Amino acid sequence: MATGPDPAKTARGNLPPLSLHVPEPNFRPGDPVDYSFLDIPPAGLLPRPDETCAATETTPLCSGMVRVLGDDHRAVGPWDPKLDPETLRRMLRAMALTRAFDDRMYRGQRQGKTSFYMKCTGEEATSVASTFALAADDMVFPSYRQQGILIARGYPLTEMINQIYSNKADKLKGRQLPIMYSCRDYNFFTISGNLATQYPQAVGWAMASAIKGDSRIATAWVGEGSSAEGDFHAAMTFAAVYNAPVVMNVVNNQWAISSFSGFAGAERSTFANRAVGYGIAGIRVDGNDALAVYAATRWAANRARANGGPTLIEHFTYRAEGHSTSDDPSAYRSAHEREEWPLGDPIMRLKRHLIELGEWSLEQQETMDAELVDLVKAATKEAEKNGILGHGLHHPFHTMFEDVYKELPWHLEEQAEQAIRERQIKWPEWKPE
C-alpha cells in the first residue's frame with residue numbers, strides 16, 4: 001500500500017518554520033495615534049490624463065492620490081473642476097443636509113423609533129460629490145452608506161424616514177431593513193444587505209445599456225471590506241472583458257465593522273491598484289476633498305460615456321462614527337483616530353474653500369445649518385404621523401403575501417387567511433386593516 005513521505009526524512013533543518021501573517025491595525029483603544037506613516041501627497045501634484053487614454057496611463061493615479069484642495073483651502077492643479085460658486089454652495093448644502101439627517105435619525109434610533117441606522121459622517125463627499133458629477137438618469141447601485149445620493153438627487157426626506165420607520169407610508173412595505181432604500185424614479189437601485197452584490201448588478205446593467213446603444217452609464221459603491229468578496233472580482237472581470245460603461249467606487253474608510261482595512265488587502269497595495277491587474281483605468285482620490293471626488297467621478301463618467309471602458313475609484317476616507325447603531329467603535333480602535341485623521345472633514349474643507357473664494361461666511365454656514373436642522377425636524381414629524389417602530393400604523397397584514405406574483409395564487413391566499421385568523425386569536429382586539 002502506497003504511503004506518504006516520511007516526515008523525519010523530509011524535514012529541512014536548515015529552514016525556519018512557516019508562519020502565518022495576521023494583519024494588525026496600527027492603533028488599538030487607548031493607543032496614541034500617529035498617521036505619519038501615510039503618504040499624503042500635496043494637492044495638485046498628479047497629472048490628469050485624457051479621458052480616453054489607455055488604461056496603463058492611469059497606473060500612477062492608482063498608487064498616488066488625486067487631491068485638489070490644498071492646505072490654504074484653494075483649488076490647485078489639473079484636476080480642479082473649476083466649478084462655479086453656486087454649484088459649490090449646492091454641494092455644501094447637500095453634504096450638510098446629509099449630516100443633519102444622519103444626526104436626527106441616529107437620535108430616533110436611540111429613542112426607539114426605529115431598530116437600526118447607519119451614519120456616513122466624514123464620508124459625505126464620496127456620495128454627494130460623486131452624484132453631482134453624474135447625470136440624473138445614470139443608474140446608481142449603492143451600498144448602505146450612500147444616503148447622500150438620494151439627498152443630492154432631491155428625494156423627499158419624509159419618504160426616506162417612512163422607510164426607516166417601516167410605517168404605513170413606507171413604499172417598500174416594511175420589507176427592507178431600515179436605510180436600505182429603493183427608488184426607481186431616481187435611478188437608485190435597491191440596497192442589499194448581501195455585501196458586494198451591487199457590483200455585478202451594476203456591470204450587467206451597464207452592459208445592457210451598451211447593448212441597447214443607450215447613453216446612460218452605471219455606477220456602484222462598496223466599502224473596502226466588501227472588495228474582498230468574490231462578487232467584486234467577478235464584476236471586475238466582466239467589466240474589463242466587455243469594456244462596460246461603469247464607474248466602480250471603493251470607499252476605503254479604514255474599517256469594515258471591527259476589522260481594519262488590512263484584512264481586505266490594504267497592507268499589500270492600494271485598492272485602486274486592483275484596476276491595474278484587471279487592465280482597466282484606476283484612480284485613488286482624497287475622499288474628503290469634494291472637488292477631487294467630483295473631478296475623478298466626472299473623468300470616469302466621461303470616459304465610460306465615450307466608450308473608454310470602466311474605471312475603479314478608491315475614495316481614501318475615514319469612518320468617523322460607528323459602523324452602525326449596533327456598533328461600539330471604542331471597543332476596537334483608538335478614540336483619537338477621528339481627531340487625528342490627516343485629511344480632515346469634507347464639509348469643513350468645502351466650507352473653508354468657499355470662504356477663501358469670498359463666496360461664503362461663517363454666519364451663512366450657521367444660518368444654513370439651523371435651517372437644515374429645522375427641515376429635517378419637519379420631515380421627521382410628518383413621517384411620524386404615519387407611524388414609528390412598535391406603534392402600529394403599519395401596512396395591512398395581507399401585504400406580506402403580495403407583490404411576488406401578478407395575481408396572488410390560491411395557496412398564498414389560503415396562507416394569508418390562516419395567518420390573519422391566527423393573529424386574531426392571539427390578539428382578539430386586533431382588526432384586519
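Has the stretch 93-103 got at least one residue that is open to solvent by 30 Å² or more (accessible area, probe 1.4 Å), part of a loop (DSSP other than H, G, I, E, B) and out of contact with any Lys or Arg (no Cβ under 8 Å at 6 or more places or on another chain)? No, the stretch 93-103 has no match at all. Against the test of being touching a residue at least 24 places away in the same chain (Cβ under 8 Å), outside any loop (DSSP other than H, G, I, E, B) and surrounded by fewer than 21 Cβ atoms within 10 Å (Cβ to Cβ), the options 90, 107 yield a single qualifying residue, 90.
Going through the stretch 182-240 one residue at a time, which ones are of a type in the set (Ser, Thr, Tyr) and either in a helix (DSSP H, G or I) or open to solvent by 10 Å² or more (accessible area, probe 1.4 Å) (or both)? If you could, list the steps in order and put the result at the bottom.
Step one: of the stretch 182-240, the residues of a type in the set (Ser, Thr, Tyr) are 182, 186, 190, 192, 197, 199, 209, 215, 219, 226-227, 237.
182, 186, 190, 192, 197, 199, 209, 215, 226, 227, 237 - these are the residues of the stretch 182-240 that are of a type in the set (Ser, Thr, Tyr) and either in a helix (DSSP H, G or I) or open to solvent by 10 Å² or more (accessible area, probe 1.4 Å) (or both).
Applying the condition of being among the aliphatic types (A, V, I, L, M) and open to solvent by less than 50 Å² (accessible area, probe 1.4 Å) to the stretch 241-257 and asking which residue is nearest to the chain's Cα centre (by Cα) yields 251.
Considering the stretch 287-310 alone, what residues qualify as being in contact with a Ser or Thr (Cβ under 8 Å, 6 or more places away or on another chain), outside any loop (DSSP other than H, G, I, E, B) and not hydrophobic (A, V, I, L, M, F, W, C)? Selection gives 294, 297, 303, 305. Residue 300 meets the conditions (1) in contact (Cβ under 8 Å) with a residue 60 or more places away in the chain; (2) of a type in the set (A, V, I, L, M); (3) closer than 21 Å to residue 87 by Cβ in every case but one. The failed one is (1). Filtered by the rule that a residue be assigned by TED's automatic domain parsing to the domain that holds residue 345, buried (at least 20 other Cβ atoms within 10 Å of the Cβ) and part of a loop (DSSP other than H, G, I, E, B), the stretch 46-76 gives 65, 67, 68.
Which of the residues that make up the stretch 111-137 are under 21 Å from residue 312 (Cβ atoms) and either open to solvent by 10 Å² or more (accessible area, probe 1.4 Å) or among the polar types (S, T, N, Q) (or both)? Hits for the stretch 111-137 are 126, 127, 130, 131, 132, 134, 135.
The values are calculated or read from the model by the stated rules, or taken from the named source; none is laboratory data. Small disclaimer: the values here were computed from a predicted structure and weren't measured. No Cβ is skipped: glycine too gets one built from the backbone with ideal geometry, and neighbour counts run over all protein chains shown. Protein only, heavy atoms only, side chains kept; ligands, DNA and RNA dropped before computing areas. Shrake-Rupley method; radii C 1.70, N 1.55, O 1.52, S 1.80 Å.
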